[in-house]
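Asker: Here's a structure for you.
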Amino acid sequence: MNRRTLLKQLGMALPATVLANKFAGAADINLLTGEEMMTGPFKPDWGSLAQYRIPEWYRDAKFGIWAHWGPQCQPEHGDWYAREMYMEGNHHYNYHLKKYGHPSEFGFKDVINEWKGEQWNPEELLSLYQKAGAKYFVALANHHDNLDLFDSKYQPAWNSVKMGPKKDLIAGWAKAARNQGLHFGVSVHAAHTWSWMETAQRSDTKGPYANIPYDGKLRKSDGKNKWWDGLDPQALYAQDHPLSENSLDNGMIHRQWNWGNGVCPPTKAYCEQFYNRTIDLINRYDPDLVYFDDTALPLWPVSDAGLRIAAHYYNRSLKNRNKLDVVINGKILNEEQRKCMVWDIERGQSNSIEPLPWQTDTCIGGWHYDRSIYEKHGYKSAQTIIQTLVDIVSKNGNLLLSIPVRGNGTIDEDERRIVEEIGQWMQINGESIYGTRPWIVFGEGPSLDNAVPLSAQGFNEGKGRPFEATDIRFTTKGHILYATFMKWPENGKVNIRSLAESNNIDARQIRHIELLGRPGELSFKRSAKDLAIVLPDKNSLPSYAGALKITMDRSL
């Protein structure tokens, strides 16, 4: 009996984890999937994945830009549209009624059909992002709405090649990023479609459409004489299952995010399809980074699909690149899991120097494009973004910044202006960011006294005290210490207490001090109280985040 026949006989009786451990070879074939898991030193368990080491390119890059672009950007009404358009009385629901009609008659599948991305020009956008100083770029490969934005073998009908823009968006993004010399990543969110789209199973509770089901339970047979004739909506919505406990509580999705608290368990077929789709994505587009919008890894702990994906990805890098050169981002990690991948904090940041590199992901507006933010000129300023970046890098982190993309594939003029201003700052001060490492302390100043702890996967962004001129953040590179003051001091002087002679934090002699962007040495005096530095005239320099380059003796 050959190995494949034996596996087929055992496949219905043994879980995937047992099969993966029982049979070893050039590639383990999971019987419930169509994609091989590449074998090597990494096995699909946390202990084995803890061998992972973060590549130097990622540690040096510090700054990436993200295009969180998909069909939910088509209404230009903000994030989580595909879920909340089915929540009676929600602002997305109310907008959807006015723009498209009732969700029993015009559902999210129909929004996908409206989305064309007709002005999308990835080469132009990636050129802009490269000039802004980004060193890596991440593109949305799928969201919780479950549409694959690439030529997907395992989502063969509901993907951007077959409908919507009718283009392989990931291929286009990848080509443009690599043409600009940027590392390329993908973000994968579709593991949660199972519970996230449960709202599509609902119906109105009052009014003329009361008790008429939304379109979440439609099947292929319901499509006769419709634009989607021959397509199965369940392949998109994945709602042919009972509702989770308390599903009518709109906030329950957050408490069930880690596949607990009464969430309806996903089927093995659902988990294996997600595994297949993600392995296919990795094998086709060879990303340098995969961002998972999940607690730890996708579908953990109800399935080992995420563990197998991680093991495959790392082993594939070792085989195809001859080194471990890729990154996985995951959220809400325990200490062991932080050794297995890069910890990602959503819309927030750590309050200390982390022993392992980490990442903040945030956005200048809403995750999916929201025209009302543009109309109110409500984006985060370049100053806020730069100050955030400086703070994060001082604590051993990276910043992944989302620039919302309109449904048509463009960014608006406010966004473009912000991106260009970031680039102007980076051109002057980039050496204090790229390739640096944390110093002995990350900073000083009044903002440290009001640090706000993380909540769940992050969400402490903007809750602390605004940065002042006396807030300083440090990075280092060899015998160079960079000290960045967050705002330009009105008296034209910077006083650094951490470098006082009495502090003994770093007793090396200071040779000279410069201000990046302005030639010449600065006058300074080191005393028991502080290091006092006299700044030149600001002139055309930014009024925020000026980086001092302090050259120290190489040793004591």
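Asker: Counting each DSSP H run of 4 or more residues in the chain as -39500 (n - 2.57), what helix-only mean residue ellipticity at 222 nm follows after dividing by all residues, to the nearest 500 deg cm²/dmol?
Answerer: -7500 deg cm²/dmol
Asker: Determine, for Phe524, Phe442, the number of other Cβ atoms within 10 Å of each Cβ, and report the residues in order from fewest to most.
Answerer: Lowest to highest Cβ neighbour count: Phe524, Phe442.
Asker: Looking at the chain, what % of its DSSP beta bridges pair antiparallel, to the nearest 5?
Answerer: Restricted to the chain, the bridges split so that about 50 percent are antiparallel.
Asker: Still on this structure, please answer the following. Kindly express, to the nearest 10 degrees and within the range 0 to 90, the angle between helix 382-394's C-alpha long axis and the longest C-alpha principal axis of the chain.
Answerer: Between helix and principal axis, roughly 80 degrees.
Asker: Using the number of other C-beta atoms within 10 angstrom as an exposure proxy, rank Val188, Val290 with the fewest first.
Answerer: Fewest-to-most ranking of Val188, Val290: Val290, Val188.
Asker: If contacts are Cα pairs under 8 angstrom and at least 6 residues apart, what is the relative contact order of the stretch 443-552 in percent?
Answerer: Value for the stretch 443-552: 28 percent.
Asker: Moving on. Of the trypsin sites (Lys or Arg not before Pro) in the stretch 290-376, which ones lie in a loop per DSSP and count no more than 11 other C-beta atoms within 10 Å?
Answerer: Lys323, Lys376
Asker: Indicate the gyration tensor shape class of the stretch 240-356 (rounded, prolate or oblate), computed on the Cα atoms with a ≥ b ≥ c the square roots of the eigenvalues: a/c under 1.5 is rounded; otherwise a/b larger than b/c is prolate and the rest oblate.
Answerer: It is oblate, given that a/c is not under 1.5 and a/b is not larger than b/c.
Asker: Something else about it: Would you please name the trypsin sites (Lys or Arg not before Pro) within the stretch 474-556 that are DSSP coil residues with at most 10 other C-beta atoms within 10 Å of their C-beta?
Answerer: Within the stretch 474-556, the qualifying trypsin sites (Lys or Arg not before Pro) (loop, at most 10 other Cβ atoms within 10 Å) are Arg554.
Asker: Can you put Asp293, Asp148, Asp553 in order of Cβ neighbours within 10 angstrom, beginning with the fewest?
Answerer: With the fewest neighbours first, Asp293, Asp148, Asp553 line up as Asp553, Asp293, Asp148.
Asker: State, as an integer percentage, the relative contact order of the stretch 216-312 based on alpha-carbon contacts under 8 Å between residues 6 or more apart.
Answerer: About 21 percent, as a whole number.
Asker: Measure up Lys166/Lys331; Lys62/Lys549; Lys135/Lys339; Lys380/Lys549 against 30 Å on the Cα-Cα distance and list the ones that go over.
Answerer: Lys166/Lys331
Asker: Out of the chymotrypsin sites (Phe, Trp or Tyr not before Pro) in the stretch 264-373, which ones are loop residues according to DSSP with at most 16 other C-beta atoms within 10 Å?
Answerer: none
Asker: Under a cut-off of 19 Å between alpha-carbon atoms, report the aspartates and glutamates in cross-link reach of Lys98, not counting same-chain residues fewer than 8 places apart.
Answerer: Those aspartates and glutamates meeting the cut-off are Glu76, Asp79, Glu84, Glu88, Asp110, Glu114, Asp204, Asp215, Asp370.
Asker: Using the Cα gyration tensor of the stretch 443-552, with a ≥ b ≥ c the square roots of its eigenvalues, what is the shape: rounded (a/c below 1.5), prolate (a/b larger than b/c) or oblate (neither)?
Answerer: Prolate.
Asker: With the Cα gyration tensor of the chain in hand, convert its eigenvalues to equivalent ellipsoid semi-axes via √(5λ) and list them largest first in whole Å.
Answerer: 44, 29, 20
Asker: Please tell me the relative contact order of the chain in percent, rounded to the nearest whole number, where contacts are Cα pairs under 8 Å and at least six residues apart.
Answerer: Once divided by the residue count of the chain, the mean separation gives 15 percent.
Asker: Angle, helix 268-285 long axis vs. longest principal axis of the chain, Cα atoms, 0 to 90°, nearest 10?
Answerer: 50 degrees
Asker: Follow-up question, since we're still on this one. Could you pull out the longest piece of the chain with no exposed loop GluC sites (Glu not before Pro) in it, calling a site exposed if DSSP puts it outside H, G, I, E, B and it has at most 14 other Cβ atoms within 10 Å?
Answerer: In short, 337-467.
Asker: Please say if the stretch 37-79 is rounded, prolate or oblate, where rounded means a/c under 1.5 for a ≥ b ≥ c the square roots of the C-alpha gyration tensor eigenvalues, and otherwise the choice is prolate for a/b larger than b/c and oblate otherwise?
Answerer: oblate
Asker: Further question on the same structure: Whose amide H sits under 5 Å from the amide H of Trp439, counting only residues 5 or more places off or on another chain, with H placed in the peptide plane?
Answerer: Thr476
Asker: Checking the cross-link filter: which lysines have an alpha carbon closer than 18 Å to that of Lys167, excluding same-chain neighbours under 8 positions apart?
Answerer: Excluding near neighbours in sequence, the set is Lys109, Lys116, Lys153, Lys175.
Asker: Helix 122-131 against the longest principal axis of the chain: what's the angle in degrees, Cα atoms only, rounded to the nearest 10?
Answerer: The angle comes out near 20 degrees.
We did not get these values from a lab; they are worked out from the coordinates using the rules stated. Because the structure is predicted, anything quoted here is derived from the model rather than measured. Please note: Cβ atoms are built from the backbone with ideal geometry, for glycine as well, and neighbour counts cover all protein chains shown.
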